[in-house]
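Have a look at the structure below before the remarks.
The values are calculated or read from the model by the stated rules, or taken from the named source; none is laboratory data. Note that the structure is predicted; figures quoted are calculated from it, not measured. Cβ coordinates were reconstructed from backbone atoms using ideal geometry, including for glycine residues, and neighbour counts include every protein chain displayed. Just the protein is used for accessible areas: all its heavy atoms, side chains included, with ligands, DNA and RNA removed. Shrake-Rupley method; radii C 1.70, N 1.55, O 1.52, S 1.80 Å.
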Amino acid sequence: MLTAHSKTTTMNQNEIIAQLRTTLYDVKPQISAAIGNADNFRDDWGLDSLELVEFVARIEQSFKILIPDKDLKELYSLNATATYLHSKMIAV
Amino acid sequence: MNTIVITGVGVVSPLGIGIDVLWNNLLSSKTSLQHFNDLEAAGYRNTSACRVTDFEAPQITRGACMALEAAKQAIAQSNIQLPKNTGIFLGSTLGESMAYELAAEGEPIDPEAYNTFSIAKAIADTYQVIGPIQALSTACTAGNYAVGAAMAALQRGDIDVAIAGGAEPFSRIAMVGFTRSRAMAADGCKPFDANRTGMVLGEGAAIFIVERLDDAVKRGAMTLATVHALGLSCDAYHPTSPHPDGRGLTNAMNAAFKKSGINADDIDWVNIHGSGTRVSDAAESIALKNVFKNNMPLLSGSKGAIGHALGAASALELAICVKGIATQTIPPTPGYTIQDADIALDCTTQPVHKKINLVINNASAFGGLNASLLLGSSMY
């Protein structure tokens with residue numbers, strides 16, 4: 001089950017990443033602004049399972065989208081997360 | 001050291017009110033899991049749970065009402081006249097969580113009046129007893145903690161009788177929290193199973209009459225089980241995940257053996273915590289291998305049948321252990337069908353009739369808490 005907010009359908013990949021960065025800092029303020037778009041949330045920046053699910057919950061709220069458990073593994077970096085969201089918007 | 005025994009059990013569970021109803025349904029591998037329209041109407045992502053559908057109570061005091069019903073059953077079974085210094089030992093994760101929701105919505109409610117202590121106090125007020133009260137909010141280990149605390153108070157001689165156990169009304173706060181943390185099962189709780197996907201929320205209460213063996217014998221009471229020891233530990237690792245090397249439950253079970261002087265090789269049955277989440281079951285399986293090595297007792301779990309009742313969970317499962325000892329039967333594990341290659345341990349799939357002298361009741365909780373209660377037959 002997945003629906004995309006009309007706003008996100010007009011966002012490009014860079015705009016989505018910018019919003020994801022803001023969300024990520026909100027979840028873990030200690031994370032450096034130097035985080036690269038391809039950096040792995042868990043391996044490179046030490047996000048634990050609780051921080052990751054909080055990050056995903058906030059994505060769901062801000063992008064008005066439902067992300068099933070089986071898709072969580074696809075959300076491992078800013079690039080990957082933006083690509084995932086973009087693909088879902090195209091698929092809608 | 002005084003021997004401590006259980007002489008009465010009372011249960012309010014999603015599989016039935018009263019231990020015999022729960023037990024018979026469990027032996028038939030029934031599950032109480034069902035879809036709830038009210039959860040769907042309110043927009044919950046997970047709309048299935050194990051709730052006590054045949055128990056009516058005011059929502060704001062549902063936990064206390066369930067505890068009082070269970071206490072009434074336990075007192076009746078024990079056939080005891082409660083002494084004035086009876087102690088109350090009650091575990092719950094959230095207490096009356098509906099009160100917190102209503103307070104948040106602007107209702108003139110003092111949430112402090114509905115915490116775990118309020119449930120314990122309701123029992124004390126109802127039976128007009130003035131012994132010590134302990135309210136234990138140790139999350140999903142709270143039932144075991146409560147019975148262990150009762151045991152300690154009886155051994156110290158602080159009290160002559162204890163009413164101990166756990167109570168947890170269905171909590172929408174918990175429903176949302178566990179959903180948000182991605183801990184909920186997609187299709188039912190499957191303890192230790194290869195295809196497990198998470199937990200299912202439950203509710204209920206289980207209350208025990210606990211006393212010294214000498215006193216029970218003196219008044220001619222029937223002893224149902226002996227409480228040998230409570231082993232406690234903390235992972236000190238992560239707010240929600242157990243340490244993956246299983247050190248938490250390993251330490252808790254070993255603590256129970258050390259306190260009681262009983263050897264792991266003598267354990268006949270382990271009632272696993274078996275929440276059905278990937279990481280919790282994996283950690284518990286490692287702990288079991290650490291402790292029992294090549295002499296693994298039979299394993300069973302009941303959260304596939306009654307859900308996870310949080311602070312009441314280990315109390316409800318302790319009631320199942322007591323009934324199992326009394327009938328010399330280990331129940332099946334609803335939800336378990338396929339062995340997980342990584343866990344490499346089997347759980348019961350049918351009732352097993354065998355000599356049961358000693359059983360471990362495992363419980364783990366958020367915060368890294370672990371509590372293993374070591375229980376024995378009244379003859380052991």
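Output the residue which, of all residues in the range A:58-79 that are open to solvent by less than 50 Å² (accessible area, probe 1.4 Å) and within 14 Å of chain B (Cβ to nearest Cβ), is nearest to A:Arg21 (Cα to Cα). Let's see the steps before the verdict.
So the first thing to find is which residues in the range A:58-79 are open to solvent by less than 50 Å² (accessible area, probe 1.4 Å), and the list is A:59-60, A:62-63, A:65, A:67-68, A:71-72, A:75, A:77-78.
Okay, now just the ones that are also within 14 Å of chain B (Cβ to nearest Cβ), so A:59-60, A:65, A:67-68, A:71-72, A:75.
On the way: A:Ile59: 11, A:Glu60: 15, A:Ile65: 17, A:Ile67: 18, A:Pro68: 21, A:Asp71: 20, A:Leu72: 18, A:Leu75: 13 Å.
Filtering the range A:58-79 for residues that are open to solvent by less than 50 Å² (accessible area, probe 1.4 Å) and within 14 Å of chain B (Cβ to nearest Cβ), the one nearest to A:Arg21 (Cα to Cα) comes out as A:Ile59.
Determine the pairs where a residue that is under 14 Å from B:Cys140 (Cβ atoms), located within the range B:235-246, has a partner that is open to solvent by 70 Å² or more (accessible area, probe 1.4 Å) with Cβ atoms under 6 Å apart, the partner being 6 or more residues away or on another chain.
Hits for this filter: B:Thr240/B:Phe366; B:Ser241/B:Val279.
Can you confirm whether the range B:370-380 contains a residue that is open to solvent by 10 Å² or more (accessible area, probe 1.4 Å), among the aromatic types (Phe, Trp, Tyr) and in contact with a Leu (Cβ under 7 Å, 6 or more places away or on another chain)?
Yes: one or more hits.
Just to be sure I understand, how many residues within the range B:223-242 are within 14 Å of another protein chain (Cβ to nearest Cβ) and closer than 24 Å to B:Gly95 by Cβ?
2
I need a count of the residues in the range B:240-285 that are farther than 20 Å from B:Ser314 by Cβ and not in a helix (DSSP H, G or I).
4
Going by the structure shown, is B:Ile60 touching a residue at least 40 places away in the same chain (Cβ under 8 Å), assigned to a helix (DSSP H, G or I) and under 18 Å from B:Ala221 (Cβ atoms)? Please lay out each step first, then the result.
On the way: touching a residue at least 40 places away in the same chain (Cβ under 8 Å): yes; assigned to a helix (DSSP H, G or I): yes; under 18 Å from B:Ala221 (Cβ atoms): no.
For B:Ile60, the condition - touching a residue at least 40 places away in the same chain (Cβ under 8 Å), assigned to a helix (DSSP H, G or I) and under 18 Å from B:Ala221 (Cβ atoms) - is not met.
So, in the range B:69-94, exactly how many residues are of a type outside the set (Val, Ile, Thr) and either part of a loop (DSSP other than H, G, I, E, B) or closer than 16 Å to B:Gly311 by Cβ (or both)? Please lay out each step first, then the result.
Step one: filter the range B:69-94 for residues of a type outside the set (Val, Ile, Thr), giving B:69-74, B:76-79, B:81-85, B:87, B:89-92, B:94.
With the extra rule that they be either part of a loop (DSSP other than H, G, I, E, B) or closer than 16 Å to B:Gly311 by Cβ (or both), the set shrinks to B:70-71, B:79, B:81-85, B:89-92, B:94.
The total comes to 13.
So which of B:Gly307, B:Gly220 ends up being open to solvent by less than 10 Å² (accessible area, probe 1.4 Å) and either more than 14 Å from chain A (Cβ to nearest Cβ) or free of Cβ contacts under 8 Å to residues at least 60 places away in the same chain (or both)?
Details: B:Gly220 fails: open to solvent by less than 10 Å² (accessible area, probe 1.4 Å).
Step by step, each of B:Gly307, B:Gly220 is checked, and only B:Gly307 is open to solvent by less than 10 Å² (accessible area, probe 1.4 Å) and either more than 14 Å from chain A (Cβ to nearest Cβ) or free of Cβ contacts under 8 Å to residues at least 60 places away in the same chain (or both).
Every residue in the range B:125-142 that is open to solvent by less than 50 Å² (accessible area, probe 1.4 Å) and either closer than 15 Å to B:Ala312 by Cβ or not β-branched (Val, Ile, Thr) (or both), please.
B:Gly131, B:Ala135, B:Leu136, B:Thr138, B:Ala139, B:Cys140, B:Thr141, B:Ala142
When B:Ser275 is evaluated against the numbered criteria (1) open to solvent by less than 30 Å² (accessible area, probe 1.4 Å); (2) within 13 Å of chain A (Cβ to nearest Cβ); (3) touching a Lys or Arg at 6+ places or on another chain (Cβ under 9 Å), which criterion, by number, is the only one it fails?
Every condition holds for B:Ser275 apart from (2).
Residue under question is A:Phe55, and the condition is that it be open to solvent by less than 20 Å² (accessible area, probe 1.4 Å) and either more than 14 Å from chain B (Cβ to nearest Cβ) or at pLDDT below 90 (or both); does it hold?
no
Among the candidates B:Ala71, B:Ala76, B:Ala122, B:Ala103, which residue alone is of a type in the set (A, V, I, L, M, F, W, C) and crowded, with 22+ Cβ neighbours inside 10 Å?
Residue meeting the stated conditions: B:Ala71.
Name the residues in the range B:185-206 that are farther than 27 Å from B:Phe89 by Cβ and within 14 Å of chain A (Cβ to nearest Cβ), would you?
The answer is B:Ala185, B:Ala186, B:Asp187, B:Asn195, B:Arg196, B:Thr197, B:Gly198.
With the structure loaded, tell me whether A:Ala82 is away from every other protein chain (no Cβ under 14 Å) and either modelled with pLDDT of 90 or more or in contact with a Gly (Cβ under 7 Å, 6 or more places away or on another chain) (or both) or whether it fails that test.
yes
Please indicate, with yes or no, whether at least one residue in the range A:29-39 is away from every other protein chain (no Cβ under 14 Å), assigned to a helix (DSSP H, G or I) and of a type outside the set (Lys, Arg).
The answer is no, given that none of the residues of the range A:29-39 is away from every other protein chain (no Cβ under 14 Å), assigned to a helix (DSSP H, G or I) and of a type outside the set (Lys, Arg).
How many of the residues making up the range B:326-341 are more than 16 Å from the chain's Cα centre (by Cα) and either assigned to a helix (DSSP H, G or I) or β-branched (Val, Ile, Thr) (or both)?
6
Considering only residues that are open to solvent by less than 60 Å² (accessible area, probe 1.4 Å) and either closer than 21 Å to B:Thr277 by Cα or away from chain B (no Cβ under 14 Å) (or both), which ones fall in the range A:40-49?
Answer for the range A:40-49, where residues must be open to solvent by less than 60 Å² (accessible area, probe 1.4 Å) and either closer than 21 Å to B:Thr277 by Cα or away from chain B (no Cβ under 14 Å) (or both): A:Asn40, A:Phe41, A:Leu47, A:Asp48, A:Ser49.
Are any residues in the range B:169-184 outside any loop (DSSP other than H, G, I, E, B), away from chain A (no Cβ under 14 Å) and either of a type in the set (Val, Ile, Thr) or open to solvent by less than 40 Å² (accessible area, probe 1.4 Å) (or both), and if so, which ones?
Looking only at the range B:169-184, we keep the residues that are outside any loop (DSSP other than H, G, I, E, B), and these are B:172-180, B:184.
Of the ones still in play, those that are also away from chain A (no Cβ under 14 Å) are B:172-175.
Hits for the range B:169-184 are B:Ile173, B:Ala174, B:Met175.
Name the pairs whose Cβ atoms lie under 9 Å apart, with the first residue in the range B:150-173 and on the phi > 0 side of the Ramachandran plot, the second modelled with pLDDT under 95, and 6 or more positions between them or separate chains?
Sorted first by the residue in the range B:150-173, then by its partner, the pairs are B:Gly157/B:Asn2.
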